[in-house]
1. With 10 angstrom as the radius, rank Lys74, Lys10 by how many other C-beta atoms surround their C-beta, starting from the fewest.
2. Using the 10 angstrom Cβ neighbour count as an exposure proxy, how do Tyr183, Tyr11 rank, fewest first?
3. Sorted by mean Cβ packing within 10 Å, highest first, what order do the peptides 75-83, 205-213, 189-197 take?
4. What shape does segment 141-256 have by the C-alpha gyration tensor, where a ≥ b ≥ c are the square roots of the eigenvalues, rounded means a/c under 1.5, and otherwise prolate means a/b greater than b/c and oblate the rest?
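Here, each number is a calculation from the coordinates, and none is a lab measurement. Here the structure is a predicted model, which means the values were calculated and not measured. Quick reminder, even Gly has a Cβ in these numbers, built from the backbone with ideal geometry, and neighbours come from all protein chains shown.
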Amino acid sequence: MNNFLDLVDKYKFGLIATLSVYIILFSYLQISSYQQSFPIEPFHEGSHVEIPENDIELKPENIRVPSDYNAGVKSMARDVNDERTRALDGYSENKTIADVEAHYKALEAQMYEDAGGSKTRDEIKKEMDARKKMDAIQAANKKLEPAKVGGDVAYSGNVMVDWSLAKRSPHQQNNWYVRNPGYTCGHGSSGVVTVVIKVNRKGNVTSAEYDASQSQGGNACMIEQAVKYAKKSRFSYSTSASRLQIGRISYTFISQ
């Protein structure tokens with residue numbers, strides 16, 4: 001082994017020179033062999049997808065939209081238990097005049113019951129007439145349409161407020177009293193918040209609690225506003241309802 005290393009060391013310069021000549025000669029021969037270049041086009045240039053003749057091109061006129069499709073959400077409140085026929089047009093938020101009269105009859109019966117017989121029918125009638133007049137003035141001041149102009153068709157699309165309180169209606173049969181906070185949380189706030197409410201016989205909301213199990217995407221602002229507006233809501237009088245009736249209000253919040 002030592003003899004071999006000694007031999008390599010003795011002729012190392014000759015070996016280096018020989019190797020260098022081979023490298024130079026090989027490089028020269030390779031470079032001189034190619035006189036013309038051949039550019040390669042990118043494989044993706046000019047690529048396309050062939051559409052078979054029997055396929056339909058996607059155009060607006062070729063897209064069929066279901067008749068009950070509605071991409072938007074109406075800024076209105078709706079009773080989940082409303083048994084009227086539902087449609088996307090020709091609807092009314094409120095019910096017919098018969099429902100309004102039923103509201104005032106229930107109110108009159110409640111007042112008579114609360115009075116414990118100490119007031120005569122005539123006195124209660126006078127008080128009811130005064131209350132109706134005051135309700136009409138308040139509606140005019142708030143620029144609300146009278147609740148008596150309702151119809152027999154309810155809206156079938158998505159709404160911002162869905163509420164459920166069995167056999168109860170909004171105060172004065174006007175859905176304005178089921179308040180809508182859906183635009184109060186600004187940019188980036190979209191979701192659904194459900195609140196469990198307790199309502200007394202006079203129609204006042206005595207408590208409102210956030211229901212996480214029935215909510216989706218609610219943040220702190222949306223929850224706070226939902227509870228706040230639920231407490232502002234007001235429903236019809238009822239002599240047959242329990243002392244504290246339990247219901248729900250679901251609010252849809254939309255980002256500004």
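1. Lys10, Lys74
2. Tyr11, Tyr183
3. Details: 75-83: 15.8, 205-213: 14.0, 189-197: 20.8.
Taking the mean over residues of other Cβ atoms within 10 Å, the ranking is 189-197, 75-83, 205-213.
4. It is oblate, given that a/c is not under 1.5 and a/b is not larger than b/c.
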